[in-house]
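**Q** Right, I'll just put the structure down here and ask away after.
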Amino acid sequence: MFNGADIAVHPRYRRIPPDALEEPGEPPVFPQRSNVGAPARVGAAAAGSSGGRISRMLLPIPVLVAVSSNRGAAYDLVLLAHVLSALVAFGTVAVSGLSARSLLGRGATSASIRRYYRPGVNWAGRVLFVVPVLGVVLIVMSRGAWSFADGWVGLGLVLWAVAASAAELVLWPAERRLQQAVTGDEFDPGTHRGLCLRVVGVSAGLLVVFVVATVVMVAKP
């Protein structure tokens, strides 16, 4: 007669405690391998590494937000003056080009044109020379955040030197000659056409320099 007690049980299965045996109708319970925690450890490591990457990605955001507050109100005022001086300087350059274009198209009969070309120095345009001075002050006040060794600082100074040279050597001398022609009632669209086009062209080129300089100052490559 078949007796279940006569069946030899393999030693591996003798180590399974009785409470580990499955109940009827439940799936069998097998011993867990020792490397079950490996995926969890890998996941934790991956989460840690991704968290590190995320934290490094998010780091510039609070830093950029706190830049001005960490340097005080004086830095903010100088920065505002720096930006406003650049806007005023290049705004006057744009007005020079528009005025020369209008002078070429309508002549010197307009009251606004004659008022613009009245005798005097274009002092508003000379605000251009204040821009780098305030920029140097900002670098000194940045507490080591920026330095003259930074590439974007050198590039900004080169762009300013190009703009200042073109304005002082080409744009403003041509504008003074137009000023003399308008105030002396000697302006002739045919005779002074080249002079007007020179002012318009240099003004457009300087505005391109201004846009490039703005991108450089913001992006800081």
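**Q** Grab the Cα-Cα distance for F148 and V95, subtract it from 0.36 nm times how many residues apart they are, and report the gain in nm with one decimal.
**A** Length gained between F148 and V95: 15.8 nm.
**Q** If you don't mind, another one. Could you give the length gained on full extension between S102 and L169, defined as 0.36 nm per residue of separation minus the Cα-Cα distance, in nm?
**A** Stretched fully, the S102-L169 segment lengthens by 21.9 nm.
**Q** Given 0.36 nm per residue, what is the gain on full extension from R193 to S112 after removing their alpha carbon distance, in nm?
**A** Between R193 and S112, full extension yields an extra 27.2 nm.
**Q** What is the sum of charges, Lys and Arg at +1 and Asp and Glu at -1, for the other residues whose Cβ falls under 10 Å from the Cβ of V199?
**A** +2
**Q** Could you tell me whether segment 72-219 comes out rounded, prolate or oblate from its Cα gyration tensor? Rule is a ≥ b ≥ c as square roots of the eigenvalues, rounded for a/c under 1.5, then prolate if a/b exceeds b/c, otherwise oblate.
**A** Note, shape of segment 72-219 comes out prolate.
Here, each number is a calculation from the coordinates, and none is a lab measurement. Just so it is clear, the model here is predicted, and its values are computed rather than measured. Heads up, the Cβs are rebuilt from the backbone with ideal geometry, glycines too, and the neighbour counts pull from every protein chain shown.
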